[in-house]
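Everything on this sheet refers to the single structure shown next.
The values are calculated or read from the model by the stated rules, or taken from the named source; none is laboratory data. Here the structure is a predicted model, which means the values were calculated and not measured. Here the Cβ positions follow ideal geometry from the backbone for every residue, glycine too, while neighbour counts run over all protein chains shown. The area values use the complete protein model at the heavy-atom level, side chains included, leaving out ligands, DNA and RNA. Shrake-Rupley method; radii C 1.70, N 1.55, O 1.52, S 1.80 Å.
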Number of protein chains: 2
Amino acid sequence: MLTPFGSTRRTRVEAAGDSNLLALVESCAPVVTVVGKSWDLHVTRVLETSLDENLNMVRDSVRFLRGKGKRVFFDAEHFFDGFRANPRYAVEVVLAAAEAGAEHIVLCDTNGGTLPEEVARIVSAVKYDTGARLGIHTHNDTDTAVASALAAVRAGATQVQGTINGYGERCGNANLISVAAAMSLKMGIRSLSDAQLGNLTQVSRYVAEIANIPHAPSQPYVGASAFAHKGGLHVAAVAKVKESYEHIRPELVGNANRVLVSELSGRGNILRKVQDLGLGVTLTPDQAAKLLERVKELESRGFQYEGAEASFDLLVRRSLPGYEAPFVLARTAVSSGQWVRAKKQALGKAEITVEVGGKKVSSSAAGNGPVNALDTALRQALVQSYPALSAVRLTDYKVRVVDERHGTAAVVRVLIESTDGERTWRTVGASANIIEASWMALADSLEWAIRA
Amino acid sequence: MLTPFGSTRRTRVEAAGDSNLLALVESCAPVVTVVGKSWDLHVTRVLETSLDENLNMVRDSVRFLRGKGKRVFFDAEHFFDGFRANPRYAVEVVLAAAEAGAEHIVLCDTNGGTLPEEVARIVSAVKYDTGARLGIHTHNDTDTAVASALAAVRAGATQVQGTINGYGERCGNANLISVAAAMSLKMGIRSLSDAQLGNLTQVSRYVAEIANIPHAPSQPYVGASAFAHKGGLHVAAVAKVKESYEHIRPELVGNANRVLVSELSGRGNILRKVQDLGLGVTLTPDQAAKLLERVKELESRGFQYEGAEASFDLLVRRSLPGYEAPFVLARTAVSSGQWVRAKKQALGKAEITVEVGGKKVSSSAAGNGPVNALDTALRQALVQSYPALSAVRLTDYKVRVVDERHGTAAVVRVLIESTDGERTWRTVGASANIIEASWMALADSLEWAIRA
């Protein structure tokens with residue numbers, strides 16, 4: 001569920017005339033979140049208004065949104081600092097929001113400076129004093145965001161705000177992956193089903209791909225090294241009583257013990273993945289084994305299929321007997337253009353030859369850069385045979401070095417996102433040559449558009 | 001103080017005849033640490049001995065080392081799992097070590113699976129039951145290592161084992177930087193002097209350098225972004241009551257608050273940023289206004305100086321009268337190579353001409369890809385005039401589309417990270433042409449290496 005986020009009404013303005021609140025009303029979301037002040041210092045010195053007017057702002061805003069049929073979450077900004085400075089006023093803000101109809105009052109440790117024990121103590125006190133349904137929103141400035149969120153849950157909070165992998169400004173937010181895993185596996189609070197829990201690793205890595213941030217191998221529960229057993233002392237012991245060296249069974253969160261080659265590291269997983277993708281095909285054990293071999297080889301060359309399902313889909317299709325590639329590259333030459341001092345434009349040029357239905361088609365194009373030129377040339381060559389491609393456009397393009405140790409000589413991985421207006425898909429390419437890696441992802445994108 | 005680390009004596013061997021213990025004795029360290037089993041499962045199934053023999057091993061080993069004049073810390077491995085499985089036996093191990101003369105008994109959450117609340121509960125119980133001086137050793141497998149260490153300290157532990165920056169196997173250990181900062185600044189436990197506290201940032205970054213691990217900008221207390229204020233809502237407010245947006249004064253731990261470059265929306269911020277960078281220059285109001293103009297123009301073309309401070313540094317230097325560029329690009333031509341079906345290799349080639357000290361220098365190079373070729377060609381052209389460049393190498397290279405709506409025709413932003421073994425810096429380039437954007441970031445990287 002997506003909820004739009006906005007502030008309480010401005011000072012000395014009617015809620016019904018506040019453009020931010022109106023925008024929340026106009027959103028089609030059934031739940032909206034509004035943030036307001038609960039620290040007296042911020043009311044008087046940042047908002048520069050009176051404590052009473054701030055209570056009115058909270059009350060009016062929540063009531064107005066409720067009147068428009070919205071469910072409302074209220075985020076009490078700087079709550080913990082506010083509670084330390086003026087507990088009575090901070091609690092009044094919670095009561096104002098609750099009485100106006102806010103469904104959850106979320107206590108925010110906006111500066112991230114509160115330790116878990118104090119979070120628990122304050123959440124307990126507010127819960128006792130107000131009876132409101134409370135949420136918790138922590139930041140990681142003291143390296144304890146997850147612990148504080150869990151402490152608040154123990155103290156009675158029933159909503160946790162955070163982010164996948166803890167991404168967020170400064171030191172990040174509470175990592176929801178860790179919070180969800182601990183609640184389900186350590187605290188007996190089943191916020192996720194077993195199946196959802198089993199997807200945590202995949203979700204975490206997918207979001208890292210989309211954010212173009214390397215997935216930390218040391219990330220708790222879901223990192224590639226989270227269940228890696230180091231040598232020396234432990235090796236023999238691990239073999240004897242494996243479970244005694246793991247705080248949970250890694251499969252529960254979709255991870256595995258050992259350094260992962262990938263989540264597709266077994267024939268069973270390949271078959272499950274094929275089923276998950278809904279390709280409507282059944283692989284024989286032999287086909288699955290061959291596909292697994294191919295995936296492993298490609299991964300060792302820098303490909304990664306998490307976040308590039310369309311390329312994986314094509315791998316599966318190509319492994320089936322009778323699959324016919326819609327086009328095959330015969331030859332390409334790309335120049336990245338030249339540019340001369342004081343002459344701004346740097347054109348790229350691409351010439352390609354592809355085989356389509358047994359015939360060779362050549363095409364050349366110029367573009368703002370070499371990748372753009374390559375894209376244009378490829379489309380030109382294919383659009384006569386596959387007119388549907390004219391609706392396909394690229395919506396994102398990302399590059400990352402796979403092996404950071406070798407700088408520009410390292411393998412780069414290109415991820416491309418495409419759409420035809422209805423569907424959105426992602427493809428991957430990997431090569432030491434950024435243009436070749438781009439070509440791979442581009443070609444997969446168009447092949448998938450034609451075949452899927 | 002360094003303390004050597006070893007195991008309790010082997011089974012069925014006299015302590016005086018155990019080579020590991022003898023090595024500890026021979027070390028010149030006044031304090032030694034021995035690790036032993038406290039989980040019954042590990043005693044019977046990993047050591048394959050009796051519970052009594054394990055108690056003897058603990059007792060004999062500690063007593064032997066004490067007899068040789070050593071102070072002894074005893075690490076009780078898997079203590080929390082052991083306590084859950086057989087609390088009575090786990091406590092017997094603690095007592096055996098304490099009675100034999102161990103100065104601190106360190107309770108280890110070796111698998112890292114225990115949440116802070118349970119750590120506190122168990123430490124309290126053991127403290128109450130044994131009266132021993134306890135320590136705590138946590139791992140970050142549940143994303144709560146720091147919180148668990150702090151919870152144990154509150155429950156009576158007087159020694160914390162962890163690592164600088166939390167480095168360690170699997171998900172890492174308790175981060176001692178965060179533990180020390182919280183104890184001193186949040187819990188009133190002065191484990192460090194003010195001066196030592198003020199060195200935390202430097203220590204953290206120094207250890208990262210030595211370990212050759214990039215220092216995480218998001219690291220609590222000491223990261224480069226730990227006190228970074230982003231724009232929007234907060235800018236005016238931060239100016240009004242700065243302290244209210246920071247959970248501690250960053251100077252206390254040797255860090256500084258910084259305005260992110262992308263929010264340099266006023267002349268005052270530009271001046272402040274120039275000061276922050278420690279360039280030792282003072283801009284006139286007119287120079288600051290011109291620089292701001294230039295930054296805005298470049299940002300509108302896709303540049304972003306957050307995370308590319310070396311490029312920003314160069315912008316400032318270039319805006320000063322008398323700055324002389326160490327080289328100027330005269331001409332370049334780059335080909336991304338061509339590749340033909342079934343022929344795997346796709347070489348890149350680059351030819352460049354630069355002016356260095358009034359003379360034109362030409363150079364050409366081939367590489368795994370066009371960017372690698374460009375990098376090599378540029379270094380070749382410059383290294384004779386600037387030999388220090390031979391130590392510079394690229395450590396990271398990232399590309400992202402700035403305007404996602406236009407796919408491959410959109411502007412791409414390239415971020416490059418470089419090092420000369422001592423310093424690490426980041427530069428940026430932006431263009432519709434990925435090769436040109438890469439050139440810009442590469443050229444900035446080398447110019448910064450020469451001039452800064």
Restricting segment B:129-144 to residues that are among the polar types (S, T, N, Q) and open to solvent by 10 Å² or more (accessible area, probe 1.4 Å), the one nearest to A:T138 (Cα to Cα) turns out to be B:N140
(1) open to solvent by 20 Å² or more (accessible area, probe 1.4 Å); (2) more than 21 Å from A:L314 (Cβ to Cβ); (3) modelled with pLDDT of 85 or more all hold for A:N368 apart from (3)
Can you tell me how many residues in segment A:316-330 are in a helix (DSSP H, G or I) and either small (G, A, S) or buried (at least 17 other Cβ atoms within 10 Å of the Cβ) (or both)? 3
Kindly evaluate B:E53 against the criterion of being among the charged types (D, E, K, R), out of contact with any strand residue (DSSP E or B) (no Cβ under 6 Å at 6 or more places or on another chain) and without any contact (Cβ under 8 Å) to a residue 12 or more places away in the chain. no
Here are some conditions: (1) among the aliphatic types (A, V, I, L, M); (2) crowded, with 24+ Cβ neighbours inside 10 Å; (3) part of a helix (DSSP H, G or I). B:I105 meets all but one. Which one does it not meet? (3)
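Based on this model, can you work out whether B:T110 counts as within 23 Å of B:S204 (Cα to Cα), in a loop (DSSP other than H, G, I, E, B) and either at pLDDT 95 or above or more than 13 Å from chain A (Cβ to nearest Cβ) (or both)?
Details: within 23 Å of B:S204 (Cα to Cα): no; in a loop (DSSP other than H, G, I, E, B): yes; either at pLDDT 95 or above or more than 13 Å from chain A (Cβ to nearest Cβ) (or both): yes.
Taking the combined requirement at face value, the residue does not satisfy it.
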Residues A:L185, A:L200: which one is crowded, with 19+ Cβ neighbours inside 10 Å, more than 23 Å from B:V179 (Cβ to Cβ), within 14 Å of another protein chain (Cβ to nearest Cβ) and without any contact (Cβ under 8 Å) to a residue 60 or more places away in the chain? A:L200
Test result for B:A29, in contact (Cβ under 8 Å) with a residue 12 or more places away in the chain, more than 18 Å from B:G131 (Cα to Cα) and in a loop (DSSP other than H, G, I, E, B): yes
Across segment B:203-216, which residue is farthest from the other protein chains (Cβ to nearest Cβ) among those that are within 18 Å of B:A256 (Cβ to Cβ) and at pLDDT below 90? B:Y206
Here, strands (runs of 3 or more DSSP E) confined to segment A:344-452 with at least 3 residues that are over 30 Å from B:S445 (Cβ atoms) and at the interface with chain B (Cβ under 10 Å from one of its Cβ atoms) are A:348-356
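Specify the residue that is most open to solvent (accessible area, probe 1.4 Å); the eligible residues are those in segment B:188-197 that are assigned to a helix (DSSP H, G or I) and not charged (D, E, K, R). Quick ask: steps written out before the conclusion?
Going through segment B:188-197, the residues assigned to a helix (DSSP H, G or I) turn out to be B:194-197.
Imposing the further condition that a residue be not charged (D, E, K, R) reduces the set to B:195-197.
On the way: B:A195: 72, B:Q196: 97, B:L197: 5 Å².
By that ranking, first place goes to B:Q196.
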Among the listed residues A:A155, A:A216, A:A208, identify the single one that is surrounded by 16 or more Cβ atoms within 10 Å (Cβ to Cβ) and touching a Gly at 6+ places or on another chain (Cβ under 6 Å). A:A216
Scan of segment A:226-255 for residues that are crowded, with 18+ Cβ neighbours inside 10 Å, at pLDDT 80 or above and at negative phi, ordered by number: A:A226, A:F227, A:S244, A:Y245, A:E246, A:H247, A:I248, A:P250, A:V253, A:N255
The number of residues in segment B:344-376 that are of a type in the set (A, V, I, L, M, F, W, C) and either over 17 Å from A:I434 (Cβ atoms) or touching a residue at least 40 places away in the same chain (Cβ under 8 Å) (or both) is 6
What is the one condition in (1) at pLDDT below 90; (2) more than 14 Å from chain B (Cβ to nearest Cβ); (3) touching a helix residue (DSSP H, G or I) at 6+ places or on another chain (Cβ under 9 Å) that A:S336 does not satisfy? (2)
Tell me whether segment B:170-180 contains one or more residues that are in contact with a Ser or Thr (Cβ under 9 Å, 6 or more places away or on another chain), open to solvent by 30 Å² or more (accessible area, probe 1.4 Å) and assigned to a helix (DSSP H, G or I). yes
